[in-house]
Structure formats: structure tokens, C-alpha cells
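Report on one structure; see the data block that follows.
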Amino acid sequence: MSFTLGPALLFCPADRPERFATAAARADAVILDLEDAVSPGAKAAARGALIDAHLDPARVIVRVNALGTTDFDVDMATLSQTDFRRIMVPKAESAKKIVRIDTRFEVIALCETARGVVAADKLAAAPNVVGLMWGADDLVASLGGTGSRKKGGGYRDVARYARARVLMAAGAEGIAAIDAVHLDIADERGLRREAADAAASGFQASACIHPAQVETIRAAYRPDAQAVTWARGVLAAAEGERGVFRFEGRMVDEPVLRHARSVLARA
């Protein structure tokens with residue numbers, strides 16, 4: 001299994017089929033949400049919209065309802081009638097339960113509770129899990145807190161810890177890490193700063209909740225021309241070297257070359 005989607009993943013309520021095509025066209029992939037974005041009374045209509053949807057399955061993730069609920073069972077039965085085979089499992093906490101999901105489906109485990117973050121390494125190791133995402137506000141709520149961010153907009157330490165732990169767990173297993181949504185749609189500067197940090201830290205993508213956020217995320221993940229030139233240069237120089245060498249005044253070893261390869265992959 002692999003995760004090859006681009007950096008901007010856009011949530012779209014599954015009960016708003018009139019938005020599906022636009023969301024898919026604007027973003028690198030669309031996350032059709034059957035969980036928090038859909039009221040209990042609208043879930044049946046949302047499932048019907050999934051069955052009728054005409055979207056490229058390779059660019060669709062479906063956020064189902066939580067494991068152990070009747071809604072989850074109905075969601076999976078619905079998805080079996082479609083070509084959508086990549087799901088996001090919210091409030092993921094148990095790798096044992098994750099591995100019992102129908103093996104036709106790839107899973108992105110959403111770590112958004114204290115139990116889920118603590119179990120991130122086990123969730124990442126599950127054979128059907130292709131990615132981990134984390135969620136800030138549900139996490140802090142699960143701890144009895146009142147907000148994931150400080151007055152200035154930055155994350156509280158507990159949220160930063162969860163973000164790092166999920167990233168490390170995903171990296172240890174060689175699967176994708178997806179950064180949490182930036183809820184303040186008007187805060188373009190904050191989103192740009194957060195997405196740039198996510199890209200530099202090793203996240204493969206950032207989720208978002210509004211089409212206006214897509215280009216900001218893409219730009220943040222896209223290396224600038226200077227970085228691309230440096231990456232190409234140092235990799236070209238490495239072809240004639242053995243071991244550690246010097247390039248543009250800097251000592252270069254294998255970790256630096258891996259950074260360069262990552263820059264070109266994002267470019």
C-alpha cells in the first residue's frame with residue numbers, strides 16, 4: 001500500500017454532493033466526511049450521495065464514523081457499494097480493532113484522543129494503515145482542556161507534543177503523516193507558517209476545511225527555486241564523491257543528501 005496524494009487535502013461534508021466536484025478539482029484530494037460534518041439525521045442522505053458520486057477513487061478519502069458504532073458498520077456497508085477504498089478512521093485508539101477492518105480498504109488513522117496519541121506507534125504499525133493524522137481540538141477536549149491554541153494562535157505544548165509523536169510514529173513505519181486542520185480560515189499567515197513547518201518537519205500533507213486554504217498549503221510545501229537549485233547541485237556533486245564531502249562551504253553526508261532528495265520530491 002502507498003500514499004501518493006498531494007499536500008492539500010480538503011474536507012467536504014458528505015451530505016453536500018453539489019460541492020464534491022468543486023472540492024476535488026480545487027484540492028489534491030478530497031476527504032468526504034461522514035462523521036463530524038454530518039448531523040445524525042443527514043447521514044443516510046450522505047451515504048446515498050457517496051453511492052451516486054462520480055469522483056476519481058484514487059483522489060478520495062472517506063472519513064467514516066468511529067469504530068464500534070452502528071454508523072461505522074453502515075458506512076462500511078455503503079462503501080462496499082462504491083469504488084472508494086481509502087478511509088479515515090476518527091478517534092482511532094486500538095490497532096487490534098483497526099486490523100479487523102475489511103482488508104479491501106486502506107486506513108488513515110486519526111489520532112485525536114489521548115489514547116489515540118499514546119497508541120500512535122501501534123496504529124502506525126498496523127498492516128492496513130497507510131497514514132496517520134492528528135487532531136488538536138478533539139485531543140485537548142479528551143484531556144478536559146478548553147482549547148488547543150494560545151492567545152497568539154500557536155499550539156499549546158500538549159498539542160505540539162501530540163503532533164510530534166504522530167509524525168515520529170508515522171516516520172518510524174515509513175507511512176504518511178498528515179497535519180491537522182487550521183480552523184481559523186481568515187488566518188492565512190498562520191496557516192502558511194504552520195504548513196511550511198509541516199513540510200520542513202516531514203509531514204506529507206496538511207488537511208484543510210476551506211478551498212481558500214488549498215493554494216496556501218501547496219505553496220508552503222513547494223520548495224522555492226533556490227532550494228531546488230541547491231538540491232540538484234549537491235546531488236550532482238555527490239556522484240563524484242565517496243563518503244563525506246564539501247559543497248558550497250558546507251559538509252555534506254547522507255542525511256543532507258536525503259534532505260536534498262526530499263526537496264526534489266516535493267518540487
#### Entry: Translational D in µm²/s for segment 66-175 (Stokes-Einstein at 25 °C, 0.890 mPa s, Kirkwood Rh from C-alpha pairs)
170
### Query
To the nearest Å, what is the center-to-center distance of segment 244-267 and segment 119-153, using C-alpha atoms only?
32
### Query
Roughly speaking, what % of Cα-Cα pairs in segment 225-266 are separated by over 15 Å, rounded to a whole number?
31
### Query
So between R104 and T4, what do we pick up on full extension, going 0.36 nm a residue minus the alpha carbon distance?
34.2 nm
### Message
As I understand it, the value is the acute angle between the Cα axis of helix 70-79 and the longest principal axis of the Cα atoms of the chain; what does it come to in degrees, rounded to 10?
### Response
70
### Query
What's the exposure ranking of Y161, Y155, Y221, going from fewest to most Cβ atoms within 10 Å?
Y161, Y155, Y221
### Task
Taking the chain as the reference, fit the longest principal axis to its C-alpha atoms, fit the long axis of helix 188-201 to the helix C-alpha atoms, and give the angle between the two in degrees, 0 to 90, nearest 10.
70
### Task
Excluding residues fewer than 8 places away in the same chain, name every one of the lysines whose C-alpha is closer than 25 Å to that of K97.
K43, K122
## Note on the structure
If one compares the long axis through the Cα atoms of helix 157-173 with the longest principal axis of the Cα atoms of the chain, the angle in degrees, nearest 10, works out at 80
### Query
Using a Gaussian network model of the chain with C-alpha springs under 10 Å, which one of R47, R246, R149 is most mobile by mean-square fluctuation?
R246
### Query
What nm value, rounded to one decimal, do you get for the distance between A58 and L183 when each label is placed 7 Å out toward the C-beta?
3.6
#### Entry: Simple Cβ-charge dipole of segment 112-169, Lys/Arg +1 and Asp/Glu -1, about Cα centre, in debye nearest 20
240
### Query
Dipole of the chain (Lys/Arg Cβ +1, Asp/Glu Cβ -1, origin at the Cα centre): which of A238, P90, A37 lies farthest to the positive side?
A238
### Query
How far apart, in nm, are two points set 7 Å out from the Cα along the Cα-to-Cβ line at E18 and at S80?
3.3
#### Entry: Exposure proxy ranking, count of Cβ atoms within 10 Å, fewest first, for K96, K43
K96, K43
#### Entry: segment 8-221, dipole about Cα centre (Lys/Arg Cβ +1, Asp/Glu Cβ -1), debye to the nearest 20
460
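Bear in mind that the values in this text are calculations on the coordinates, not laboratory data. As the structure is a prediction and not an experimental result, all values here were calculated from the model. Cβ coordinates were reconstructed from backbone atoms using ideal geometry, including for glycine residues, and neighbour counts include every protein chain displayed.
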